[in-house]
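For reference, the structure discussed in these notes is given below.
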Amino acid sequence: MHPPRVHNGLIPPEALVLPPFPSKPFTDLIEDDLRRLIVDQVGEDVEIDYKVALETNCQEFARDVSAFANTKGGYLVYGMAEEGEIPTNLVAIPGFDSGRVIGQLTSWAQEHIRPRPTLRFKPVSLGGGGEVLVVEVPRSWIGPHEVRQEHRFYHRTQHGKAPMDVDQLRMAFNQERDFLQATEAFHSRRVEQWKERSTGLGDTHALFVLHFLPADGLLGRRKANLAGRVFGGHPVPSPNGLEVGFHPVWEGGVNPAFNLDGYAFQEWVGPAGEGRSCQVFRHGGVEHKFAARPEGDWKVIYPVLVDHWLDTASRHAALVMKALEVQGPVALAGSFIGANGWTWILPNRMMGNRTITEAHLRLPEVLLGSADDPPGPAVEEVSRYLWNAMGVEKSPFFKDGVFEDRG
């Protein structure tokens, strides 16, 4: 490792373990990482704030979280003494009960900040006994976040937090729009690539492409380290259900391999001729693709297979994003392409079947507030949009975000 560069007597943020922990996942943080901040005299900055004691004022905590979320994201380190904004010593938090404290801080964030921010917590044990607490506040792409009782928005500066001015608020309110525009651009580009690659699209197969796209990957500079961990022989969890208790997206060999985009699981063909494949991108996003194939001369799509695939693909994507420590909101974007002239088999025969007349069904984006949120409700919403396009109110196979095969 090269020696850290020094700027004005301090080590610049990009050279530090904190933030954004380039050398290890946040969940692996240990005492030595925090003591390095003391040794290197890493002062408080836009992305880090030291507090020797736990916060007792819910409004002050809300201001801190609002400021980090509205700026670049960062870390609150509780149990770190400081002098002149320079850390001096780790001090165990008296009577620290991690479950109670984390529950209290989470409740304060939910009650006093809107929209609800994403938080992560890491209690760190000290060799001399006791614990300290690090709270990670990711940069938000769906802000700005308001401290509700004050009707104020905060941001971080080099020396703490301050209310946002009009220009800063205007830029912050545009972030969600920028995220959705980036989602649309990425999804559209991938759909066009699949159109170009897919010989016989519309005749031999129709495709459904579903993307799970994290804001911190699309709009930030975050690139996941796909080679950093091993899950059943792969750098990311496999769709084959190798993880205990996980229902597989498919079964069988799929020739997984690295590629320029990240890591791909090639197409596997199921018993009904349906094809399934997956691409994990270096920015932490996941693409699942479903291919419907005709029965003889009859170009037919069985919606129960599509909905089942949506359910399992979303649970696999959630597993991948958790492994890659994806943060912040995630957009779900889906398209049905090459389906013109295909028949969507409705489960109630009296309703008749639907012959699709559109060559490209582009579904509205659905947002997950956090990569940690259960994907079921969002995927059910994607399914509902698709069934609406077939003239049906909603899927009969989803209920409260849970897939149910009703035969």
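The values are calculated or read from the model by the stated rules, or taken from the named source; none is laboratory data. Note that this is a predicted model, so its numbers are computed, not measured. FYI the Cβ positions are ideal-geometry reconstructions off the backbone, even for glycines, and counts take in every protein chain you see.
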| query | Quick one: what pairs do we get from region 192-205, first residue at pLDDT 90 or above and part of a strand (DSSP E or B), second among the hydrophobic types (A, V, I, L, M, F, W, C) and surrounded by 11 or more Cβ atoms within 10 Å (Cβ to Cβ), C-beta under 6 Å, 6+ apart or different chains? | reply | H205/A291
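In region 350-383, which residue that is of a type outside the set (A, V, I, L, M, F, W, C) and over 22 Å from the mean Cα position of the chain (by Cα) is nearest to G285 (Cα to Cα)?
From region 350-383, those of a type outside the set (A, V, I, L, M, F, W, C) are 352-355, 357-358, 360, 362, 364-365, 369-370, 372-377, 380-381, 383; that's our starting set.
From what is left, the residues that are over 22 Å from the mean Cα position of the chain (by Cα) are 352-355, 357-358, 360.
Details: G352: 38, N353: 35, R354: 32, T355: 32, T357: 31, E358: 27, H360: 22 Å.
By that ranking, first place goes to H360.
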| With (1) touching a residue at least 12 places away in the same chain (Cβ under 8 Å); (2) within 26 Å of the chain's Cα centre (by Cα) as the list, and A292 as the residue in question, which single condition is left unmet? | (2)
| query | Which one of these is touching a helix residue (DSSP H, G or I) at 6+ places or on another chain (Cβ under 8 Å), within 16 Å of L210 (Cβ to Cβ) and of a type outside the set (D, E, K, R): G284, G275, G328? | reply | G284
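Take L260 and decide whether it is under 20 Å from D373 (Cα atoms), of a type in the set (A, V, I, L, M, F, W, C) and out of contact with any strand residue (DSSP E or B) (no Cβ under 6 Å at 6 or more places or on another chain). Lay out the reasoning, then the answer.
Values: under 20 Å from D373 (Cα atoms): no; of a type in the set (A, V, I, L, M, F, W, C): yes; out of contact with any strand residue (DSSP E or B) (no Cβ under 6 Å at 6 or more places or on another chain): yes.
Spelling it out, it is not the case that L260 is under 20 Å from D373 (Cα atoms), of a type in the set (A, V, I, L, M, F, W, C) and out of contact with any strand residue (DSSP E or B) (no Cβ under 6 Å at 6 or more places or on another chain).
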| task | Exactly one condition in (1) assigned to a strand (DSSP E or B); (2) under 19 Å from I142 (Cβ atoms); (3) not acidic (D, E) is not met by S66; state its number. | result | (1)
| Here are some conditions: (1) over 17 Å from E47 (Cα atoms); (2) in contact with a Phe, Trp or Tyr (Cβ under 8 Å, 6 or more places away or on another chain). W141 meets all but one. Which one does it not meet? | (1)
| task | Search region 261-282 for residues being farther than 16 Å from W194 by Cα and part of a loop (DSSP other than H, G, I, E, B), and hand back the single one that is nearest to the chain's Cα centre (by Cα). | result | R282
| query | Among the residues of region 292-314, which ones are crowded, with 20+ Cβ neighbours inside 10 Å and charged (D, E, K, R)? | reply | K299, D307, D311
| task | Please indicate, with yes or no, whether at least one residue in region 303-325 is free of Cβ contacts under 8 Å to residues at least 60 places away in the same chain and within 24 Å of K195 (Cα to Cα). | result | yes
| said: Looking at region 283-304, can you tell me whether even one residue there is at pLDDT 90 or above and assigned to a helix (DSSP H, G or I)? | reply: yes
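If you take just the strands (runs of 3 or more DSSP E) that sit entirely in region 330-407, which of them hold at least 1 residues that are in contact with a Lys or Arg (Cβ under 8 Å, 6 or more places away or on another chain) and of a type outside the set (F, W, Y)?
Here the list reads 330-337.
Would you confirm, using the coordinates I've provided, whether T357 is without any contact (Cβ under 8 Å) to a residue 40 or more places away in the chain, farther than 22 Å from P237 by Cβ and of a type in the set (S, T, Y)? Spell out the reasoning first.
Numbers: without any contact (Cβ under 8 Å) to a residue 40 or more places away in the chain: yes; farther than 22 Å from P237 by Cβ: yes; of a type in the set (S, T, Y): yes.
So T357 fits the description; yes.
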| Residue list for region 2-58, filter: outside any loop (DSSP other than H, G, I, E, B), farther than 20 Å from L126 by Cα and either at pLDDT below 70 or among the basic types (K, R) (or both) | H7, L10, P13, E14, A15
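How many of the residues in region 72-127 are in a loop (DSSP other than H, G, I, E, B) and either touching a Cys at 6+ places or on another chain (Cβ under 6 Å) or hydroxyl-bearing (S, T, Y) (or both)? Step through it out loud before you land on a result.
Taking region 72-127 as the starting set, the residues that turn out to be in a loop (DSSP other than H, G, I, E, B) are 72-73, 79, 84-85, 91-97, 115-119, 126-127.
Right, trim to either touching a Cys at 6+ places or on another chain (Cβ under 6 Å) or hydroxyl-bearing (S, T, Y) (or both) and you get 118.
Residues in region 72-127 being in a loop (DSSP other than H, G, I, E, B) and either touching a Cys at 6+ places or on another chain (Cβ under 6 Å) or hydroxyl-bearing (S, T, Y) (or both): 1 in total.
Looking only at residues in region 95-116 that are more than 21 Å from A69 (Cα to Cα) and in contact (Cβ under 8 Å) with a residue 12 or more places away in the chain, which one is surrounded by the most Cβ atoms within 10 Å (Cβ to Cβ)? Spell out the reasoning first.
As a first pass, look at region 95-116 and keep what is more than 21 Å from A69 (Cα to Cα): 95-100.
In the following step, the residues that additionally are in contact (Cβ under 8 Å) with a residue 12 or more places away in the chain were identified as 96, 98.
Numbers: F96: 16, S98: 13.
Checked region 95-116; the qualifying residue surrounded by the most Cβ atoms within 10 Å (Cβ to Cβ) is F96.
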